[in-house]
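*Asks:* The following block contains the structure, expressed as structure tokens.
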Amino acid sequence: MGPIGPIGLMTEKMSSEAPKAGNSHRSPMSHTSHPRLKVKQALSSAGPVEEVQISGWVRTRRDAKGFSFLEINDGSCLASLQVIVDASCPQYAQIHDYTTGAAVRAKGALVASQGQGQKWELKAAELHLVGAADDSYPLQKKRHSLEYLREISHLRPRSNLFGAVFRVRSRLAYAIHQFFQERGFVYVHTPLITASDCEGAGEMFRVSVLDPVNPPKNKDGSIDYSRDFFERPTYLTVSGQLEAEIFALSHGDVYTFGPTFRAENSNTSRHASEFWMIEPEMAFCDLEGDMDLAEEFIKHLILDILDNCSEDLDLFGKFVDKGLHDRLRFVLERPFERISYTEAVELLQKSGVKFDYPVEYGANLQSEHERYLTETHFKRPVTVFNYPKEIKPFYMRQNDDDKTVAAMDVLVPGIGEIIGGSQREERLDRLDAALEHHGLDQEDYWWYRDLRKYGSAPHAGFGLGFERMLMFVTGVANIRDVIPFARTPGNAEF
RNA sequence: UGCUCAGUAGCUCAGUGGUAGAGCAGGUGGCUGUUAACCACUUGGUCGCAGGUUCGAAUCCUGCCUGAGCAGCCA
């Protein structure tokens, strides 16, 4: 038998439970004499089992004369276990209490199913209603809209779709660590609270303990942040990159994986105010190596999910995105297209397509341009590199042409930018020039500049949006549906 | 933040100027193996909120609220 489930789901005991003597051989997490068997394990059983105990939530009940079917799901897998309850079960008289949504425990024999659709089913010898759910239970056994389910984020993980999404999310996080750990990358925890709004890009959430009604003021009327908790203005981080660079220049290859925050008033299907990001940073690495890693990384993640989440992926392929499997296979089997920004601009201009926004050198590529490249022209992920320095942040490494920086964006069909990265400017004189050009004060970046004074080395990295990657592998179209509790402008329930 | 669309039963939706509807969920009864079970009957409504036009408004107009799509910002 596999590992026993988490503490907290097993606070009650069957009334017929055996004495607790002789339990010392069991897992310390086992609380009963008949440990809970996961539905996933039950359904993959090699043969019938005389007595098993499963715990979960009722998905639906079907009554016939003299017996009932209970579908019990425990979140361990997409499928539910069918439980047969007839008069031989003492609780059959109360079967009407076992409604959709109720938490239940069932004990009995795992037997081959007489019916179609499942190999194994549980013949209930004993049922226990752990927690009832009355008829106001919001999750009915029918299709709900994603918008409605979003309003009940505390219950939607119990639905088929979100059960699958969050199992895949968990696996994807595991696969990310696995990818980097196998390659000798060191996992760095960069701070969530930061004093620098380094990138200057985007609004940040302020972190403060000052009285918002009556904050201490300077003589000129401005707020006196020297009397705040950190004795200076502080914010939630928008990126761990600058700190990751510190560790790249000590540990070589490192990565961060944690939440980041943007206070932008963004209302799109691919932006959230709080989201997770993976940021590898590699010393002695140039843009080429950066792009190579990005491509290898994405392919590793796709392959891992295909190999380990096939049942959940089948659900997405069936109900969310019919082309999902083909697209994932396609991406896996082909090299990403690599094209310089300059070439991309020329390609778009020669395409003959009439875009809403004109394509011109020196401007950011618009969503419609990115979409044309990935969805229409190349029909695969596209890595665009060497952008004009004017439209990129100060820390990106200047190219010899004096016009572009060693930046790269990976664009994927359906989502757009999934990775943004660059080789970093490792030359102090060039960095100082860039700081000045961007109107930034050298003193504010004293430690970042120190890295260029003491043992500076070429290095590069990128940021992958975790939720965007999850959208890509599941086909789920809205970022709010791949994060357990979405934070977007005007929304912080749960 | 701008543009566009939507808000009707617990849920998914129909109704577009004249007595508020269906499916599912809930209830009652039936059915020996169902699997979104099925069959019959049945409960259920401040038509997002506020104003206006009209003999009469779910329906037309205005404002507000909420949600969604697209765009910008980006991951």
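The values are calculated or read from the model by the stated rules, or taken from the named source; none is laboratory data. Predicted model, so just to flag it, every value in this text is computed and none were measured. Cβ placement follows ideal geometry from the backbone for every residue including glycine, while neighbour counts extend to all protein chains displayed. Ligands, DNA and RNA are stripped out before the accessible areas are found, and what is left, the full protein with its side chains, is counted by its heavy atoms. Shrake-Rupley method; radii C 1.70, N 1.55, O 1.52, S 1.80 Å.
*Asks:* Filter segment A:71-89 for residues that are of a type in the set (S, T, N, Q) and either more than 22 Å from A:Leu161 (Cα to Cα) or more than 16 Å from RNA strand B (Cβ to nearest atom) (or both) and give the result. Give the steps one after another, and end with the answer.
*Replies:* First, the residues of segment A:71-89 that are of a type in the set (S, T, N, Q): A:73, A:76, A:80, A:82, A:88.
Listed by number, the residues that qualify are A:Ser76, A:Ser88.
*Asks:* Looking at segment A:83-120, which of the residues that are under 14 Å from A:Asp134 (Cα atoms) and assigned to a strand (DSSP E or B) is farthest from the chain's Cα centre (by Cα)?
*Replies:* Applying the filter and picking the extreme gives A:Val104.
*Asks:* Turning to a different aspect of this structure: Could you identify the single residue in A:Tyr92, A:Tyr137 that is surrounded by 15 or more Cβ atoms within 10 Å (Cβ to Cβ), of a type in the set (Phe, Trp, Tyr) and within 8 Å of RNA strand B (Cβ to nearest atom)? Step through it out loud before you land on a result.
*Replies:* Numbers: A:Tyr92 fails: within 8 Å of RNA strand B (Cβ to nearest atom).
Going through A:Tyr92, A:Tyr137 in turn, just one is surrounded by 15 or more Cβ atoms within 10 Å (Cβ to Cβ), of a type in the set (Phe, Trp, Tyr) and within 8 Å of RNA strand B (Cβ to nearest atom): A:Tyr137.
*Asks:* For A:Leu210, all conditions in the list (1) of a type outside the set (Gly, Ala, Ser); (2) in a strand (DSSP E or B); (3) free of Cβ contacts under 8 Å to residues at least 40 places away in the same chain hold save one; what is the number of the exception?
*Replies:* Single failed check for A:Leu210: (2).
*Asks:* Moving to a separate point now. So, of the residues in segment A:107-134 that are in contact with a Cys (Cβ under 9 Å, 6 or more places away or on another chain) and of a type in the set (A, V, I, L, M), which turns out to be nearest to RNA strand B (Cβ to nearest atom)? Give the steps one after another, and end with the answer.
*Replies:* Of the residues in segment A:107-134, the ones in contact with a Cys (Cβ under 9 Å, 6 or more places away or on another chain) are A:108, A:123-127.
Okay, now just the ones that are also of a type in the set (A, V, I, L, M), so A:124-125, A:127.
Details: A:Ala124: 11, A:Ala125: 14, A:Leu127: 16 Å.
The selected residue is A:Ala124.
*Asks:* Filter segment A:156-191 down to the residues that are without any contact (Cβ under 8 Å) to a residue 40 or more places away in the chain and either touching a Cys at 6+ places or on another chain (Cβ under 8 Å) or within 14 Å of RNA strand B (Cβ to nearest atom) (or both) and list them by number.
*Replies:* A:Arg156, A:Ser159
*Asks:* Scan segment A:130-141 and report the pairs whose first residue is in the same structural domain as A:Asp74 (by TED's automatic domain parsing) and whose second residue is among the acidic types (Asp, Glu), with Cβ atoms within less than 7 Å and a gap of 6+ or a chain change.
*Replies:* From residues that are in the same structural domain as A:Asp74 (by TED's automatic domain parsing), the pairs are A:Val130/A:Glu12; A:Ala132/A:Asp97.
*Asks:* Out of the residues in segment A:226-245 meeting the condition of being touching a Leu at 6+ places or on another chain (Cβ under 8 Å) and open to solvent by less than 60 Å² (accessible area, probe 1.4 Å), tell me which one is farthest from A:Glu281 (Cα to Cα).
*Replies:* Within segment A:226-245, the match that is farthest from A:Glu281 (Cα to Cα) is A:Asp228.
*Asks:* Still on this structure, please answer the following. Within 16 Å of RNA strand B (Cβ to nearest atom) and either surrounded by fewer than 17 Cβ atoms within 10 Å (Cβ to Cβ) or among the small types (Gly, Ala, Ser) (or both): does that describe A:Glu264?
*Replies:* Numbers: within 16 Å of RNA strand B (Cβ to nearest atom): yes; either surrounded by fewer than 17 Cβ atoms within 10 Å (Cβ to Cβ) or among the small types (Gly, Ala, Ser) (or both): yes.
So A:Glu264 passes the test.
*Asks:* Go through (1) outside the structural domain of A:Ser170 (by TED's automatic domain parsing); (2) open to solvent by less than 50 Å² (accessible area, probe 1.4 Å); (3) in contact with a strand residue (DSSP E or B) (Cβ under 8 Å, 6 or more places away or on another chain) for A:Thr488 and report which single condition fails.
*Replies:* Among (1) outside the structural domain of A:Ser170 (by TED's automatic domain parsing); (2) open to solvent by less than 50 Å² (accessible area, probe 1.4 Å); (3) in contact with a strand residue (DSSP E or B) (Cβ under 8 Å, 6 or more places away or on another chain), A:Thr488 violates only (3).
*Asks:* Hey, another quick one. Applying the selection to segment A:240-279, what residues are more than 23 Å from A:Lys453 (Cα to Cα) and in a loop (DSSP other than H, G, I, E, B)?
*Replies:* A:Arg262, A:Ala263, A:Glu264, A:Asn265, A:Ser266, A:Asn267, A:Thr268, A:Ser269, A:Arg270, A:His271, A:Ala272, A:Ser273
*Asks:* Against the definition (over 20 Å from A:Met291 (Cα atoms), surrounded by fewer than 22 Cβ atoms within 10 Å (Cβ to Cβ) and not aromatic (Phe, Trp, Tyr)), how does A:Lys379 come out, yes or no?
*Replies:* It is false that A:Lys379 is over 20 Å from A:Met291 (Cα atoms), surrounded by fewer than 22 Cβ atoms within 10 Å (Cβ to Cβ) and not aromatic (Phe, Trp, Tyr).
*Asks:* Go through (1) assigned by TED's automatic domain parsing to the domain that holds A:Tyr445; (2) over 14 Å from A:Leu192 (Cβ atoms); (3) among the polar types (S, T, N, Q) one by one and return the number of the condition A:Ser222 breaks.
*Replies:* Here A:Ser222 meets the rest and fails (1).
*Asks:* While we're here: Cβ-Cβ distance below 6 Å, separation of 6 or more or different chains: which pairs start in segment A:258-283 with a residue that is hydroxyl-bearing (Ser, Thr, Tyr) and end on one that is open to solvent by less than 50 Å² (accessible area, probe 1.4 Å) and more than 9 Å from RNA strand B (Cβ to nearest atom)?
*Replies:* A:Thr260/A:Thr237
*Asks:* Inspect all residues belonging to segment A:437-456 and state whether any of them is under 17 Å from the mean Cα position of the chain (by Cα), in a loop (DSSP other than H, G, I, E, B) and within 14 Å of RNA strand B (Cβ to nearest atom). It would help to see each step written out before you state the result.
*Replies:* The initial filter retains those residues of segment A:437-456 that are under 17 Å from the mean Cα position of the chain (by Cα), namely none.
Within segment A:437-456 (the criterion being under 17 Å from the mean Cα position of the chain (by Cα), in a loop (DSSP other than H, G, I, E, B) and within 14 Å of RNA strand B (Cβ to nearest atom)), the answer is no, since none of the residues qualifies.
*Asks:* Is one or more of the residues making up segment A:451-465 exposed (fewer than 15 other Cβ atoms within 10 Å of the Cβ), farther than 30 Å from A:Tyr174 by Cβ and either modelled with pLDDT under 95 or outside the structural domain of A:Glu288 (by TED's automatic domain parsing) (or both)?
*Replies:* Checking segment A:451-465: not a single residue is exposed (fewer than 15 other Cβ atoms within 10 Å of the Cβ), farther than 30 Å from A:Tyr174 by Cβ and either modelled with pLDDT under 95 or outside the structural domain of A:Glu288 (by TED's automatic domain parsing) (or both).
*Asks:* Sticking with this structure for a sec: Let me confirm something: among A:Thr383, A:Thr342, A:Thr374, A:Thr404, which residue is in the same structural domain as A:Asp326 (by TED's automatic domain parsing), of a type in the set (S, T, N, Q) and touching a Leu at 6+ places or on another chain (Cβ under 6 Å)? Talk me through it step by step, then tell me what you get.
*Replies:* Details: A:Thr383 fails: touching a Leu at 6+ places or on another chain (Cβ under 6 Å); A:Thr342 fails: touching a Leu at 6+ places or on another chain (Cβ under 6 Å); A:Thr404 fails: touching a Leu at 6+ places or on another chain (Cβ under 6 Å).
None of the other options fit; the residue is A:Thr374.
*Asks:* Restricting to segment A:389-425, name every residue that is assigned to a strand (DSSP E or B), within 14 Å of RNA strand B (Cβ to nearest atom), of a type outside the set (Asp, Glu) and under 23 Å from A:Met282 (Cα atoms).
*Replies:* Of segment A:389-425, the ones assigned to a strand (DSSP E or B) are A:396, A:398, A:404-412, A:416-424.
With within 14 Å of RNA strand B (Cβ to nearest atom) added as a condition, the list becomes A:396, A:405, A:407-412, A:416-422, A:424.
In the following step, the residues that additionally are of a type outside the set (Asp, Glu) were identified as A:396, A:405, A:407-408, A:410-412, A:416, A:418-422, A:424.
Selection gives A:Met396, A:Val405, A:Ala407, A:Met408, A:Val410, A:Leu411, A:Ile418, A:Ile419, A:Gly420, A:Gly421, A:Ser422, A:Arg424.
*Asks:* In addition: Mind listing just one residue for me: the one in segment A:43-70 that is within 32 Å of the chain's Cα centre (by Cα) and over 14 Å from A:Arg105 (Cα atoms) and, of those, nearest to RNA strand B (Cβ to nearest atom)? Spell out how you get there, then give the answer.
*Replies:* Start the filter on segment A:43-70 by keeping residues that are within 32 Å of the chain's Cα centre (by Cα), which leaves A:43-45, A:54-60.
Okay, now just the ones that are also over 14 Å from A:Arg105 (Cα atoms), so A:43-45, A:60.
Values: A:Leu43: 12, A:Ser44: 17, A:Ser45: 15, A:Thr60: 4 Å.
Per the criteria, the residue is A:Thr60.
*Asks:* Sort out which residues of segment A:206-223 are of a type outside the set (Val, Ile, Thr) and surrounded by 15 or more Cβ atoms within 10 Å (Cβ to Cβ), and write them in order of number. Steps first, please.
*Replies:* Restricting attention to segment A:206-223, the residues satisfying the condition of being of a type outside the set (Val, Ile, Thr) are A:206, A:208, A:210-212, A:214-222.
A:Ser208, A:Leu210 - these are the residues of segment A:206-223 that are of a type outside the set (Val, Ile, Thr) and surrounded by 15 or more Cβ atoms within 10 Å (Cβ to Cβ).
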